[in-house]
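The values are calculated or read from the model by the stated rules, or taken from the named source; none is laboratory data. These numbers were taken from a predicted model, which means no experiment stands behind them. Virtual Cβ from ideal backbone geometry, glycine too; neighbours counted across all protein chains shown.
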Amino acid sequence: MIREFELAEENLLTDEFLRQLINIGEVDIVVGLSTHNNARTIRPVIAAIQAGILKCFPRERVAIINADGGSQDDTIEQVKNASIDDLRRDQKVYALRTLHSIGVRYGRVPDPTKALQTIFAGADLLRAKTCVLVSPETTTIEPDWLQRLARPAYYDNFDIVCPIYQRQRFEGTLVRNLLYPMTRAIYGSRIREPYGPEFAVSGRLVGDFLNNGGIEQDWAKMGPEISLTIFALTGKYRVCQSFLGVKHPSSRAVHDMVAAVRRTVGALFASLDGNFPVWSAVSESQPVPTFGAASPLVDETVRINRKRLLDVFASGVAQLEPVLGSILSPSLHAELRHIAGLSIDEFDYPEELWTRTVFEFAASYHKSTINRDHIIQALVPLYRGRSLTYIIENRDGSEEEIERREESLCVHFERLKPFLLQIWAERK
């Protein structure tokens, strides 16, 4: 039975929430869902979670915590009415433990940080050994995802299990062109998806992130998911990654690139100040344990408007002339103006120029040469230009060729890290 209640905005752990947790007792695994108006997609996600529990963890004590940010549809009701007994009858599989579920309304508007904090607080008080986070919009989720995420943390004592998704050819360009290569170069671990809506963490990391100031960092409030990965990397926790399956981007995120860059790149840039003693001493990257096997590349089904990407890049370089002039060195700024004038057939935003661009933005963010949010916004049209080059280069490339180019970009980020350290110290 699922019970829902209202959490005061000032205090996530109300008496009612605590009563629900006390009624459950202790569990082995918590599965967290952060929802907001997800009625259209939530039912198959819940069914996949329940099937995964029955199939992979029939002996474990499991609780689902649904942290909701003010849904106006029947998201909470759908979660409440979903019954694992239906799956038990259909699959003829019987768990030896009761599956508990709690619906938590933590506020009137969605807040990723509060949602994660709510789920983690519940997992911590339930003394869960492992906490798995699943996106309510991941309609491609399969029951085996729960095992692929939870098993390394639950059985092998890893502290964080990051996902690796099977993506379409031109999907995930922000991860491929910025988040992965920069996180790898900065923090020294080859985590392919440092920002992912599905992941698993140990009870130890849950408690430390809550109680040792991780969740209170400004950069954690900007992007709690990538910040949790960074917290684990800088804290020397045991990190691994696991292949999941097909992942399509959220329909909400596709059209709001500025918000996505704020939540990911902004949090990554902001993490650099406090973690400077750690990352400045990292000179090369290392592979991390990886579970499962990669799936074949999925052909792109969506037509990419290359001309529009070029127009966004060129108009951004022109319209943001004074802003870019305060962020970038004169020589790099001049190079951008040059490639902004190229035709679609001539266009090329090469790896080294892109790497230097990102590093100069990071150094300017550190020095706050202008408003930090304006710095993040100014990076978006330049990222569109780099995406255009990525699409042109890989339009007809094989999976091996695409992987080779992605590795080449990562090597550029690692090789040019001394350049970042130099401008970090001298940029005024």
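Brief remarks on what is shown
- Lone unmet requirement of (1) outside any strand (DSSP E or B); (2) modelled with pLDDT of 90 or more; (3) not aromatic (Phe, Trp, Tyr) for Ile65: (1)
- Ala281 vs. criteria assigned by TED's automatic domain parsing to the domain that holds Ser34, at pLDDT 95 or above and touching a Lys or Arg at 6+ places or on another chain (Cβ under 9 Å): no
- Thr35 meets the conditions (1) at pLDDT 90 or above; (2) surrounded by fewer than 19 Cβ atoms within 10 Å (Cβ to Cβ); (3) in contact with an Asp or Glu (Cβ under 7 Å, 6 or more places away or on another chain) in every case but one. The failed one is (2).
- Those residues of region 305-325 which are loosely packed, with under 14 Cβ neighbours inside 10 Å and either in contact (Cβ under 8 Å) with a residue 40 or more places away in the chain or assigned to a helix (DSSP H, G or I) (or both), in sequence order: Lys307, Arg308, Ser315, Ala318, Gln319, Glu321, Pro322, Gly325
- The numbered conditions (1) surrounded by fewer than 18 Cβ atoms within 10 Å (Cβ to Cβ); (2) of a type in the set (S, T, N, Q); (3) at pLDDT below 95 are all true for Asn157 except (3).
- As a summary of the residue check, Asp345 satisfies the conditions (1) in a helix (DSSP H, G or I); (2) over 13 Å from Leu379 (Cβ atoms) except for the one numbered (1).
- Some residue of region 166-183 being more than 30 Å from Thr389 (Cα to Cα) and either surrounded by fewer than 23 Cβ atoms within 10 Å (Cβ to Cβ) or of a type outside the set (Asp, Glu) (or both): no
- Residue check, Thr369 surrounded by 15 or more Cβ atoms within 10 Å (Cβ to Cβ) and at pLDDT below 95: yes
- Filter pass, Leu353 being buried (at least 23 other Cβ atoms within 10 Å of the Cβ), hydrophobic (A, V, I, L, M, F, W, C) and touching a residue at least 12 places away in the same chain (Cβ under 8 Å): no
- Hits in region 196-240 (condition: under 13 Å from the mean Cα position of the chain (by Cα), modelled with pLDDT under 90 and either polar (S, T, N, Q) or within 25 Å of Thr355 (Cβ to Cβ) (or both)): Gly196, Met222, Gly223
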